[in-house]
Amino acid sequence: MTHSKTGTIHIIGGGIAGISSAYTLTNHNYKVCLWEKEKLPCMYASSRNAAIARSYESDPVLSFAVKKGLLQMIKAEKYTDEFIKKIGLLFKPLEVDYYEDDFISRFPEAEILKSSSKNFQYNQEYSFDGLYIPANGTLDIHNIQQYLLQNMIKKNILISYEHKLIEIARKNNLITNLVFVTPNAEKKIEILENDIIVNATGSWAADSLFNLNYDPLPVLPYKRHLFQLSFKENLNLNMPVLWDEQSDTYLRPEGKTLLATHCDENETNPDDYNLEEREVEKFQSSIINVYPFLKNCQIKNYWACLRTFSKDNRPVVGFDAHIKNFFYAVGWGGRGMSLAFEIGNLVSRRIQVGYNENETENDNPYTSFRFL
Ligand SMILES: Cc1cc2nc3c(=O)[nH]c(=O)nc-3n(C[C@H](O)[C@H](O)[C@H](O)COP(=O)(O)OP(=O)(O)OC[C@H]3O[C@@H](n4cnc5c(N)ncnc54)[C@H](O)[C@@H]3O)c2cc1C
């Protein structure tokens, strides 16, 4: 059953998943309201990430999605400032992207995403052999966010900041009301026929608020630390992003500094953005082992943030199996920023198809029904 455009799509969460969905849905003439608990959009994972544009992906579904997302970004760059600083990505993958050639044969403009063997030498003291992708690199996440938000504002989309969803009422298999807390008061809104509620709440995706008497969706947040490194001497930072999946480390230039991580990944609760001192020691020992030219670096700054994964690591995009007007756009793991332009397409496509009580993974590889 296709979905009628007479209702309103209520998107909960103004991170990249929420604003990408809102941007695309308004382009398809849906009426959209975006609800965000903070004073600004993208205060969590969508701003505190490593901002790496990476098209190589071993999961066949994600392999196509990230490539499509990055190609759209490159296309849109013609009309605005650069989204991707194409310094290239050199990496040692753990698993092969078997779908790279298939994608390029279908979309010849994707040739720039083709990987080939390359060596990187640093001052004769360090050598990195890997696969190189020239059109990957670092993302200007601020520019991406502004582009999506400004286009939404032009379409008169209603964005309500400082509105935290705290209660959901349902009758049978439909949500009937949402209650938000704002700085001044509580606000209750009625959900009408043909309205849809989109859960784009990042690490809060499986908050008890959304249980609605059924088993929670198996999506969990995992904490990761990022470190900004500075140097006393002048280091040549003219390098691609270096990503070694075998030692589980990556680093990339950030102005006159480097951004790096030892890829820590600890399950936690959705509100836990606290720094863990023990990770500093782990980072220092592992990163200098892998990249000896960093031996004189200093940690200038570091922070922790949450990457949210489903049980099979694939995002969840589609209607809830039980509640027919409740939709998920969650579980973007470590790829949400590279997918910034594709998330909205995935969401909009499934909303156009509408709720299907017999949905299978053949119909929708991102279906929430796969966890039943
Ligand atoms: C350390 C780290 C490094 C990363 N590096 C990369 C990278 O290099 N490349 C890449 O492509 N991706 C990367 N990612 C992944 C990417 O950042 C995420 O996939 C993406 O930001 C997730 O976006 P989101 O919108 O789902 O979540 P969020 O950005 O967390 O947004 C969720 C929003 O929902 C709001 N919200 C929650 N609950 C409520 C409520 N009850 N009511 C109203 N609003 C609510 C929150 O306030 C928040 O604004 C990284 C992530 C991390 C943590």
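See the values below:
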item: Ranking of THR176, THR138 by count of other Cβ atoms within 10 Å, fewest first; result: THR176, THR138
item: Set of aspartates and glutamates near LYS295 by C-alpha distance (under 16 Å), chain-local residues within fewer than 8 positions excluded; result: GLU125, GLU233, GLU281
item: Rounded tilt (10° steps) of 60-76 against the dominant C-alpha axis of the chain; result: 90 degrees
item: Part-to-part distance (alpha-carbon centres) for the range 229-282 and the range 32-49, which is given in Å; result: 23 Å
item: 0 to 90° range, to nearest 10: angle between helix 16-27 axis and the chain longest Cα axis; result: 60 degrees
item: Order of TYR214, TYR273, TYR30 under a 10 Å beta carbon neighbour criterion, fewest first; result: TYR214, TYR273, TYR30
item: Entries of LYS68/LYS223; LYS223/LYS282; LYS118/LYS282; LYS37/LYS188 with Cα pairs more than 25 Å apart; result: LYS68/LYS223; LYS118/LYS282
item: Subset of LYS5/LYS164; LYS31/LYS171; LYS75/LYS324; LYS39/LYS154 violating a 29 Å alpha-carbon distance limit; result: LYS75/LYS324
item: CD proxy at 222 nm, helix term only [per DSSP H run n ≥ 4: -39500 (n - 2.57); per residue of the chain; nearest 500]; result: -6000 deg cm²/dmol
item: FRET efficiency for LEU212 and ASN29, using Cβ-Cβ distance with R0 set to 35 Å, rounded to 0.05; result: 0.75
item: Relative compactness, the range 75-215, computed as alpha-carbon Rg over 2.2 N^0.38 Å; result: 1.60
item: Cβ-based exposure ranking for LYS171, LYS85, in which fewest neighbours within 10 Å come first; result: LYS171, LYS85
item: Cβ charges +1 (Lys, Arg) and -1 (Asp, Glu), total dipole of the chain, debye; result: 980 debye
item: Average Cα contact separation per residue, the chain, under 8 Å, 6 or more apart, as relative contact order %; result: 24 percent
item: Spherically averaged projected area in nm², based on the convex hull that wraps the Cα atoms of the range 298-372; result: 6.5 nm²
item: For the range 94-100, Karplus couplings with θ = phi - 60° (6.51, -1.76, 1.60), whole Hz, Gly/Pro x; result: 8, 10, 7, 8, 6, 9, 4
item: Rounded to whole Å, sorted largest first: equivalent-ellipsoid semi-axes of the chain, Cα gyration tensor; result: 37, 23, 19
item: Amide proton proximity set for GLY15, modelled H, under 5 Å, gap of 5+; result: CYS42
item: Lys, Arg +1 and Asp, Glu -1 on Cβ, resulting dipole of the range 1-110 about Cα centre, debye, nearest 20; result: 440 debye
item: Note, ³J(HN,Hα) from phi for the range 110-122, Karplus 6.51, -1.76, 1.60, rounded to Hz, x at Gly and Pro; result: 7, 3, 5, 9, 6, 8, 8, 5, 7, 10, 10, 10, 10
item: GluC sites (Glu not before Pro) lying in DSSP loop within the range 221-259, provided at most 12 other Cβ fall within 10 Å; result: GLU233
item: Those GluC sites (Glu not before Pro) in the range 66-96 that DSSP places in a loop and that have at most 14 other beta carbons within 10 Å; result: GLU82, GLU95
item: Whole-Hz couplings from phi, Karplus 6.51/-1.76/1.60, listed for the range 339-352; x for Gly and Pro; result: 8, 3, 8, 9, 4, x, 5, 4, 5, 5, 4, 5, 5, 5
item: Amide H contacts under 5 Å for ARG170, placed H, 5+ residues apart; result: THR176
item: Amide H contacts under 5 Å for ILE196, placed H, 5+ residues apart; result: THR8, ILE9, HIS10
item: Square roots of five times the Cα gyration tensor eigenvalues for the range 247-321, Å; result: 30, 14, 12
item: Cβ-based charge dipole, the chain, positive-most Cα from MET337, MET239, MET152; result: MET152
item: Partners for LYS187 among aspartates and glutamates (Cα-Cα distance below 16 Å; same-chain residues under 8 apart left out); result: GLU36, GLU38, GLU162, GLU167
item: DSSP-assigned coil residues among GluC sites (Glu not before Pro) in the range 111-194, each with at most 13 further Cβ atoms within 10 Å; result: GLU125, GLU193
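Any read-out appearing in this document is the output of simple, stated calculations on the displayed coordinates, not a laboratory observation. Quick caveat, the model's predicted, so the values are computed rather than measured. Cβ: placed from backbone, ideal geometry, glycine included. Neighbour counts: every protein chain shown.
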